[in-house]
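All remarks here apply to the structure that follows.
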Amino acid sequence: MTVVVCALAAAGAASGQSLLDSLTSDLNIRGITTTMDPETGVATVTGDVHIQYGNIEMRCGSAQYNQTTGEVIAKDGVTVWRDGTLYHGDSITYNSITGEMSGKNVISGIGAGSPGIPGTGITSTGGSTGGGFRRTAGMFFFRAEDFHSGSKLENRIDASGISFTSHDLQVPNYHIGAKELTVYPEDKAILKDVKMYAGRTPFLYLPKLTKSLEEDSSLRLGPGFQSRWGAFLLTQLAVVHGDHTYAKYKFDLRSKRGVGAGVDFISLRHNANRQNFGTLKLYGVNDTAPNTNATTATRYPVPTNRYRVNFQHRIYLPGPDVSTWYLDFDINKISDIHFYEDFFFSDYRTNREPDNLISLIHTNDAYVATLLAKFKLNNFYRTTTRLPELSVDFTRRPLWNTGIFHQGSISAGIIGEVLGNQERAELVRLQTLGGGGLPGVLADPLGTAPASYLSLIGAPRTATLTAVDVAQGLGAISSRLAQPGYARFHTYHELLYPKTYMGWLNVTPRIGAGMTSYGGIVGSVTGLKNFTRGIFSAGLDVSFKVSKSWSDVQVPVLGLNGIRHVFQPYLNYSYLDAAQNAGVPAIDRLSPTTRPRSIDVPLFTAVDSLRSWNVARIGFRNLFQTKRDYLGSNGYGNFWETPEGGDNQTYTWAGINTYVNVFGKDPEYGRSLSNVYNEMFWVPVPWATLRSDVQLPLGTGVGSFTEANNSVTWLLNKNVSLEMGHQYIYDHPFFRNSSLLYTRFYARLNEDFGFNTYHIYEAASGILQFQSYSFSKDLSSWIASFGLMSRNNGAGVSDFGLLLSFTLKDFPKFNFDLDMDPNPGGRGSNSNR
């Protein structure tokens with residue numbers, strides 16, 4: 001017998017007729033037998049009961065519905081589907097008015113690895129685990145003796161007698177038990193009296209565990225072997241404290257290097273910019289072999305007790321809300337010069353000499369004002385100090401209704417350069433050798449002094465050292481040992497008048513002026529104490545665009561839905577008069593690079609290296625555009641959509657920028673022509689990217705060199721991805737010749753196995769610098785990964801390691817700093833380590 005509640009009148013007396021007719025027509029109950037109590041307004045249905053209401057569907061042996069309270073009580077083998085989540089229980093009660101749900105002995109599950117919690121409407125979105133598996137495979141199960149989901153307004157879940165696992169067996173190989181659970185959807189889950197079990201054996205107890213529903217919360221074990229460390233075991237537990245603090249606790253054992261422990265605290269309030277703000281990292285290790293050297297470089301003495309303290313934070317004033325006034329802190333204290341190299345190699349590659357600074361910043365539509373204190377906290381590397389420096393950077397803005405725009409900057413501060421202990425010792429050694437003139441330098445037993453003297457005077461590495469060079473180098477050494485410094489005032493302002501003529505020709509003349517004044521100079525090679533110079537600049541930007549469209553071009557395999565070619569020739573002419581006195585020790589100076597220098601004075605930050613120039617940058621851009629329903633792609637299968645959707649958005653399919661500098665005066669190399677530069681990209685589809693940056697010499701002499709950086713990233717199919725690149729440089733005045741090739745390959749062999757390889761090969765020396773291989777296996781409730789790596793540091797010195805990791809599926813993976821993925825110097829794709 002099937003009964004719809006709104007039509008139960010046929011089964012009751014007349015007195016119950018009006019009662020049943022008033023039940024909501026949205027609630028549908030079917031069963032074999034039905035009774036209705038007109039006095040209480042309770043309908044009882046038994047025998048294969050099926051209930052539907054909105055997004056709720058129930059099946060059970062018997063159920064009661066109370067019209068007055070809106071409560072449905074289901075018993076006898078209850079199964080509930082709600083928001084895509086399945087529940088089983090002895091009895092489950094659901095209130096159709098408030099949305100509350102409660103039950104006894106409730107069992108449920110969601111996609112393994114999902115941050116969701118049953119009953120919240122949060123479902124698994126998938127993601128990558130170790131080895132590239134998707135976490136949508138398998139389920140994450142829980143059981144609760146008592147379960148209560150709050151009302152639609154309360155948005156809270158409470159449960160007791162909790163057990164979690166992702167191993168779908170009657171006796172799972174692991175599970176987590178807790179006496180109490182409170183869930184705040186889209187925020188966090190709080191567990192009390194937590195025990196973790198291997199089989200039926202408990203191995204870890206926590207009085208309280210808070211798990212963020214937006215952050216990775218993990219227990220990770222990483223055993224392995226590394227030639228620098230010996231056998232090791234890396235462990236991490238990630239939890240959430242309070243409302244906004246995410247913590248990663250680490251405890252590491254290394255057979256060659258001892259015991260290390262630490263914690264990373266991350267503020268969830270700065271989640272969008274956590275690499276710069278809201279982090280505190282503490283780590284220490286009692287190093288039993290601090291003099292271990294895995295490279296060919298000089299190893300300096302280091303202490304046994306080694307550590308790091310890194311603090312990056314922003315405080316808004318007066319706070320706590322975002323405001324235009326704020327304090328930024330970037331504090332980095334490390335025990336010695338080799339700490340990052342030995343234990344955090346990824347940090348060593350990206351920021352081996354971190355700054356220490358505190359900034360008070362005020363932002364405005366017209367300017368950004370900064371009061372900066374930059375100071376020395378680590379004595380083993382060179383530091384530029386600013387104690388303090390006040391700067392105001394004016395944004396480009398119109399001057400009334402004249403059509404003229406202004407931009408500029410003002411800065412004033414006490415600037416200094418403090419040597420590190422090791423650099424000071426090396427300079428003293430070079431000074432001693434230089435006391436013997438050119439023969440003394442050439443007789444250096446280490447063989448490094450000639451190259452060091454060339455570097456000190458800014459000469460190309462291929463130049464022949466002369467006695468004059470040695471004398472000049474001794475002056476540079478004396479200046480650095482004196483720890484140069486001065487009070488400096490610098491200002492520059494520029495006026496621009498952008499106009500469009502004939503509706504297509506864009507012309508922007510500009511004129512600028514400024515000054516730099518130095519006082520109380522220390523460390524001048526000429527004994528100079530004070531110096532002031534004027535700055536004058538003039539320039540002209542000219543460009544126009546022409547385009548042609550072919551709407552009938554349709555090549556789906558290349559992602560072409562029509563095509564438009566945009567051609568843009570351009571000219572940027574820049575004249576600068578900024579004579580500098582050779583007696584001023586340059587602190588904010590240029591560093592060697594392969595890229596062309598900026599010829600726009602406001603973008604030239606090396607104030608002390610600002611020299612007169614006369615240059616015209618001439619080039620043209622070619623852009624190839626098509627139509628898409630998204631704006632862009634990163635080339636790794638991810639793309640971002642348009643705000644309003646639609647398939648007629650302009651998408652830049654490919655582009656080429658070609659240009660050359662024509663010099664009237666080249667302040668760096670004295671050339672008449674620069675290299676010719678060609679920058680190309682091609683992103684036809686989200687799963688394929690080709691990039692090529694090439695520069696070729698147009699002349700001979702210093703500064704004329706060849707460079708080519710080419711890379712391709714290709715997601716061949718859903719199971720295979722490939723990345724290859726080549727970085728080539730030849731005849732650069734400061735960098736060694738190099739022809740470096742790298743490859744990255746990933747294959748998902750089947751549902752259970754994954755395989756990765758990374759290689760870096762230096763063709764100039766014939767050395768395979770780095771190679772790594774890793775395998776991943778799905779073990780039902782775990783992901784097991786095994787990796788091995790080898791790094792050739794040259795001169796017969798190698799570094800190798802093995803890593804075996806186990807990651808629970810219901811906890812996202814964390815990557816340790818073993819550096820299984822080298823990515824040196826930014827080669828290849830970015831990766832989290």
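The values are calculated or read from the model by the stated rules, or taken from the named source; none is laboratory data. On a predicted model such as this, the values are computed, not experimentally measured, just so you know. Because the Cβ atoms are built from the backbone with ideal geometry, glycine has one as well, and the counts that use them run over all protein chains shown. Note: accessible area is taken over every heavy atom of the protein model, side chains too, but ligands, DNA and RNA are not part of it. Shrake-Rupley method; radii C 1.70, N 1.55, O 1.52, S 1.80 Å.
Say whether the condition of being open to solvent by 30 Å² or more (accessible area, probe 1.4 Å), farther than 30 Å from Phe775 by Cα and at pLDDT 85 or above is met by at least one residue in the stretch 110-133.
no
Can you pull out the residues in the stretch 586-609 that are closer than 23 Å to Leu456 by Cβ and touching a strand residue (DSSP E or B) at 6+ places or on another chain (Cβ under 7 Å)?
Result: Ile587, Thr594, Val607.
For Gly514, work out the one condition from (1) in a strand (DSSP E or B); (2) over 23 Å from Ile587 (Cβ atoms) it doesn't fulfil.
(2)
Out of curiosity, is Asp600 open to solvent by 30 Å² or more (accessible area, probe 1.4 Å), over 17 Å from Asp666 (Cα atoms) and either touching a Gly at 6+ places or on another chain (Cβ under 6 Å) or acidic (Asp, Glu) (or both)?
Answer is no for this residue.
Quick one: Asn709 ticks every box in (1) free of Cβ contacts under 8 Å to residues at least 24 places away in the same chain; (2) surrounded by fewer than 17 Cβ atoms within 10 Å (Cβ to Cβ) bar one, so which box is it?
(2)
Do you know which residues across the stretch 310-362 are loosely packed, with under 15 Cβ neighbours inside 10 Å and of a type in the set (Gly, Ala, Ser)?
Scanning the stretch 310-362 gives Gly319, Ser323.
Might you let me know whether the stretch 567-575 holds any residue that is under 30 Å from Trp687 (Cβ atoms) and either touching a residue at least 24 places away in the same chain (Cβ under 8 Å) or in a loop (DSSP other than H, G, I, E, B) (or both)?
So far as the stretch 567-575 goes, yes, one or more of its residues are under 30 Å from Trp687 (Cβ atoms) and either touching a residue at least 24 places away in the same chain (Cβ under 8 Å) or in a loop (DSSP other than H, G, I, E, B) (or both).
Please indicate, with yes or no, whether at least one residue in the stretch 310-323 is within 30 Å of Pro398 (Cβ to Cβ), out of contact with any helix residue (DSSP H, G or I) (no Cβ under 7 Å at 6 or more places or on another chain) and of a type in the set (S, T, N, Q).
yes
Do we find a residue being open to solvent by less than 70 Å² (accessible area, probe 1.4 Å) and either assigned to a strand (DSSP E or B) or closer than 30 Å to Ala366 by Cβ (or both) anywhere in the stretch 291-298?
No, the conditions are met nowhere in the stretch 291-298.
Report the residue count in the stretch 58-91 for those that are farther than 15 Å from Val45 by Cα and part of a strand (DSSP E or B).
10
Of Gly539, Gly527, Gly512, Gly523, which residue is at positive phi and surrounded by 13 or more Cβ atoms within 10 Å (Cβ to Cβ)?
Testing whether each residue is at positive phi and surrounded by 13 or more Cβ atoms within 10 Å (Cβ to Cβ) leaves just Gly523.
Any residue at all in the stretch 405-425 that is open to solvent by less than 30 Å² (accessible area, probe 1.4 Å) and without any contact (Cβ under 8 Å) to a residue 60 or more places away in the chain?
no
Find the residue count for the stretch 659-688, including only residues that are closer than 24 Å to Ser711 by Cα and part of a strand (DSSP E or B).
Matching residues across the stretch 659-688 total 14.
Return only the number of the condition from (1) crowded, with 16+ Cβ neighbours inside 10 Å; (2) touching a Lys or Arg at 6+ places or on another chain (Cβ under 8 Å) that Tyr453 does not satisfy.
With respect to (1) crowded, with 16+ Cβ neighbours inside 10 Å; (2) touching a Lys or Arg at 6+ places or on another chain (Cβ under 8 Å), Tyr453 is out only on (2).
Quick one: in the stretch 38-54, which of the residues that are part of a strand (DSSP E or B), open to solvent by 40 Å² or more (accessible area, probe 1.4 Å) and touching a Leu at 6+ places or on another chain (Cβ under 9 Å) is nearest to Gly77 (Cα to Cα)?
Gln52
Which is buried (at least 20 other Cβ atoms within 10 Å of the Cβ) and among the aromatic types (Phe, Trp, Tyr), of Tyr486, Tyr501?
Tyr486
Looking only at the stretch 746-804, count how many residues are among the charged types (D, E, K, R), under 24 Å from Thr235 (Cα atoms) and surrounded by fewer than 18 Cβ atoms within 10 Å (Cβ to Cβ).
Qualifying residue count, the stretch 746-804: 2.
Could you list, in sequence order, all residues of the stretch 716-737 that are closer than 27 Å to Pro592 by Cα, of a type outside the set (A, V, I, L, M) and open to solvent by less than 30 Å² (accessible area, probe 1.4 Å)?
Passing the criteria: Gly725, His732, Pro733.
For the stretch 342-452, which fully contained helices (runs of 4 or more DSSP H) count at least 2 residues that are at pLDDT 95 or above and within 30 Å of Ser537 (Cβ to Cβ)?
Ranges flagged: none.
State all residues of the stretch 248-263 that are under 25 Å from the mean Cα position of the chain (by Cα), of a type outside the set (A, V, I, L, M, F, W, C) and open to solvent by 20 Å² or more (accessible area, probe 1.4 Å); if no residue qualifies, say none.
Correct list: Lys248, Tyr249, Lys250.
Is it the case, given these coordinates, that Val660 is over 30 Å from Tyr573 (Cα atoms), open to solvent by less than 60 Å² (accessible area, probe 1.4 Å) and of a type outside the set (S, T, N, Q)?
For Val660, the condition - over 30 Å from Tyr573 (Cα atoms), open to solvent by less than 60 Å² (accessible area, probe 1.4 Å) and of a type outside the set (S, T, N, Q) - is not met.
Give the stretch 694-706 a look and list any residue that's without any contact (Cβ under 8 Å) to a residue 24 or more places away in the chain and open to solvent by 60 Å² or more (accessible area, probe 1.4 Å), or say none.
Correct list: Leu696, Thr700.
Of the numbered conditions (1) surrounded by fewer than 16 Cβ atoms within 10 Å (Cβ to Cβ); (2) among the aliphatic types (A, V, I, L, M); (3) modelled with pLDDT under 85; (4) more than 23 Å from Ile334 (Cα to Cα), Ala231 satisfies every one except a single condition; which is it?
Evaluating Ala231 over (1) surrounded by fewer than 16 Cβ atoms within 10 Å (Cβ to Cβ); (2) among the aliphatic types (A, V, I, L, M); (3) modelled with pLDDT under 85; (4) more than 23 Å from Ile334 (Cα to Cα) leaves (3) as the failure.
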